[in-house]
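A quick write-up on the structure given underneath.
Derivation of every value follows stated rules applied to the coordinates shown; laboratory data play no part. What you are looking at is a predicted structure, and each value in this text was computed from that prediction instead of being measured. In this analysis, Cβ positions are derived from the backbone assuming ideal geometry, glycine residues included, and neighbour counts consider all displayed protein chains.
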Amino acid sequence: MTTLTRSNFQDHPFHLVSPSPWPLYTSISLFNLTVNGALSMHLFNNSYIFFFIALFTVISSMALWFRDIVSEDFTTFLGNHTLAVQKGLNLGVILFILSEALFFLAIFWAFFHSALTPTVELGAQWPPMGIEPVNPFELPLLNTVILLSSGATITFAHHSLIKGDRSGALYGTIFTVILALIFTLFQGIEYSVSSFTISDGVFGTCFFFGTGFHGFHVIIGTIFIGVALWRIMAYHLTDHHHLGYEAGILYWHFVDVVWLFLYVSMYYWGS
């Protein structure tokens, strides 16, 4: 028996999205998060309280938004994600990752602008006088191995899912999440033992801004892949239809590549 869904009554393969409150709620929450984040950095009274409230509303509204997208999926509930819709979603993910690449390009631009021509205020040298950089052959090298290993395990999981090997997909994804959590833990340990801070001139600013935002992307990617792991366990994904999983894998490989540039430039060459 054929299941009747909304797409069965359309003369086109595209999904006309129903009215949703989540884009508006997410935008307002992000605005409050940005404003109160800036105010808390300038030590405005109680601004950090509103910052955490805004952070909670951002996470909540995005979780509810993504819940609705999951329910629209072709293999789960409503069946709205046709091939034409999948093509559009893939394009959206690619453009999103491209925008992230340009964001990190700006960070590298700021770093090399100061590193290649250090000013007199920096002692005309890089790293600046009085800064003891992180040894690139200790914890950063271990983190590099861990992150590249996570890229290998998620690739194994993806190929296992395509071949119909459910256990391989599950174990590969679980190992990826574990490696990502270990990477984040080691990044926090590195920050805690560092001899300089983000306020120590342009070196500290570029280093912590670049590696910190990369760490934030690692956390987002971990959540991304963690949701995909739950969907594999719930039998939402099939060997030929796993669009969200592929998007998370593409995002994770982007995070891997950015880390390689960070390691070579800020850890190895920059030190």
Problem set entry | Distance in nm between pseudo-label sites at Asn90 and Leu139 (7 Å out along the Cβ direction from Cα) | 4.1
Seminar exercise, completed: Each label sits 7 Å from Cα toward the beta-carbon; between Ile223 and Ser18 the label points are separated, in nm, by 2.4
Exercise. With helices defined as uninterrupted DSSP H runs, which ones in the chain have an alpha carbon span along their own long axis of at least 30 Å and mean Kyte-Doolittle hydropathy of at least 1.0?
Worked result: 47-71, 83-116, 139-162, 166-193, 201-233
For this session: Based solely on C-alpha atoms, express the radius of gyration and the Dmax of segment 34-177 in angstrom.
Result: 22.3, 63
For this session: Please report, in whole Å, how far the alpha carbons of segment 17-71 spread along each principal axis, starting with the longest.
Result: 42, 14, 11
Seminar exercise, completed: Counted neighbours (other Cβ, 10 Å), sorted fewest up, put Tyr245, Tyr235, Tyr268 in the order Tyr235, Tyr268, Tyr245
For this session: Would you mind ranking Trp230, Trp259 by Cβ crowding within 10 Å, fewest neighbours first?
Result: Trp230, Trp259
Exercise. What full-extension length gain, to one decimal in nm, is calculated for Asp165 and Leu98 as 0.36 nm per residue of separation minus the Cα-Cα distance?
Worked result: 21.0 nm
Seminar exercise, completed: Per the helix-only model, the chain has a calculated mean residue ellipticity at 222 nm (DSSP H runs of ≥4, -39500 (n - 2.57) each, divided over all residues, rounded to the nearest 500) of -24000 deg cm²/dmol
Exercise. So for the pair Leu116, Tyr48, with labels modelled 7 Å out along Cα→Cβ, what separation do we get in nm?
Worked result: 3.9
